[in-house]
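Colleague: Dropping the structure in here first, questions after.
None of the figures in this text is laboratory data; all of them are computed from the coordinates on show. Only a predicted model underlies this, so the values are computations on that prediction, with no experimental measurement involved. As a convention, Cβ positions derive from the backbone with ideal geometry for all residues, glycine included, and neighbour counts pool all protein chains shown.
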Amino acid sequence: METVLNDFVKDALALNATHAAVVEVVKIPFSEDFRKLCEENSCGSYDKNWMCPPTVGPISNLIKRALGFNRGLIFQTVHQLEDSFDWEGMQEGQANHEKIFREILKHVEDNNIFKELLPLSAGPCMYCLKCAHLTGKKCYFPDKAVSSVEAYGINVTALVKDCGIPYYNGQNTVSYVGLILFKM
Ligand code: SF4
């Protein structure tokens, strides 16, 4: 199994992740306090996306669900900005992260060696251009909908540090993290 997991790290890098590592779920730092950040709507997606709070569910349930997995693949994508106010560059970076995240997820799914996967990305589910939540409709693609590390109460700063991945990747860059948990 170690070889398979290490191969996923190499594959994630080949699919344009900047950094990647294998994590053990028992070592992931969770905190229910992260829900407060979502409730403050700091990213603007609170109650606007089916995979974000509150509709994604109580944080205690999500943490319990994540703890039912064994290990995971964490990866980070890093994107260059023109300057620290480059909002457009940040959005482009997030869209690029989503593309890389979906490619890595598809690669893991296609290998079909785990009993179950829990994919978590950065921020709201971006599978559709406009989430069905905004028009009061049911999720269009429940099997493709992905929640976030933030919604699941994961302390991303501590987690990347524990994995030897830098949280800060230099001036005028923006970084995003994806995590795919495996049940073996
Ligand atoms: S798949 Fe589409 S409708 Fe469903 S949560 Fe994601 S963005 Fe919203």
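Colleague: When you scan segment 18-39, do you find a residue that is touching a residue at least 12 places away in the same chain (Cβ under 8 Å), farther than 30 Å from N112 by Cα and aliphatic (A, V, I, L, M), even just one?
Modeller: yes
Colleague: For the list (1) out of contact with any Cys (no Cβ under 8 Å at 6 or more places or on another chain); (2) among the hydroxyl-bearing types (S, T, Y); (3) closer than 18 Å to K48 by Cα, I need the number of the one condition that S148 fails.
Modeller: Among (1) out of contact with any Cys (no Cβ under 8 Å at 6 or more places or on another chain); (2) among the hydroxyl-bearing types (S, T, Y); (3) closer than 18 Å to K48 by Cα, the lone unmet condition for S148 is (1).
Colleague: Next question. If the requirement is being within 11 Å of the ligand (Cβ to nearest atom), under 18 Å from D11 (Cβ atoms) and either touching a Leu at 6+ places or on another chain (Cβ under 6 Å) or not β-branched (V, I, T) (or both), which of these qualifies: S147, S121?
Modeller: Going through S147, S121 in turn, just one is within 11 Å of the ligand (Cβ to nearest atom), under 18 Å from D11 (Cβ atoms) and either touching a Leu at 6+ places or on another chain (Cβ under 6 Å) or not β-branched (V, I, T) (or both): S121.
Colleague: Which condition breaks for T157 when tested against (1) of a type in the set (S, T, Y); (2) surrounded by fewer than 18 Cβ atoms within 10 Å (Cβ to Cβ); (3) within 24 Å of D33 (Cα to Cα); (4) within 13 Å of the ligand (Cβ to nearest atom)?
Modeller: Going through the list (1) of a type in the set (S, T, Y); (2) surrounded by fewer than 18 Cβ atoms within 10 Å (Cβ to Cβ); (3) within 24 Å of D33 (Cα to Cα); (4) within 13 Å of the ligand (Cβ to nearest atom), T157 breaks only (4).
Colleague: In segment 81-104, what residues are under 26 Å from I59 (Cβ atoms) and either of a type in the set (K, R) or away from the ligand (no atom under 16 Å from the Cβ) (or both)? Reasoning before the result, please.
Modeller: Here is the first cut: in segment 81-104, the ones under 26 Å from I59 (Cβ atoms) are 90, 94, 97-98, 101-102, 104.
Once the filter is applied, which keeps residues that are under 26 Å from I59 (Cβ atoms) and either of a type in the set (K, R) or away from the ligand (no atom under 16 Å from the Cβ) (or both), segment 81-104 yields M90, R102, I104.
Colleague: Show the residue pairs that are 6+ apart or on different chains and have beta-carbon atoms under 7 Å apart, the first residue being within segment 136-147 and outside any loop (DSSP other than H, G, I, E, B), the second being within 8 Å of the ligand (Cβ to nearest atom).
Modeller: Going by the 7 Å Cβ cut-off, the qualifying pairs are S147/M51; S147/C125.
Rundown of residues vs (1) in contact (Cβ under 8 Å) with a residue 24 or more places away in the chain; (2) within 13 Å of the ligand (Cβ to nearest atom), yes/no style:
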{"site": "K106", "(1), (2)": "no, no"}
{"site": "E109", "(1), (2)": "no, no"}
{"site": "I113", "(1), (2)": "yes, no"}
{"site": "E116", "(1), (2)": "yes, no"}
{"site": "M126", "(1), (2)": "yes, yes"}
{"site": "L129", "(1), (2)": "no, yes"}
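Colleague: Sticking with this structure for a sec: Considering only segment 34-47, I want to know if a residue exists there that is in contact with a helix residue (DSSP H, G or I) (Cβ under 6 Å, 6 or more places away or on another chain), away from the ligand (no atom under 16 Å from the Cβ) and closer than 27 Å to P166 by Cα.
Modeller: yes
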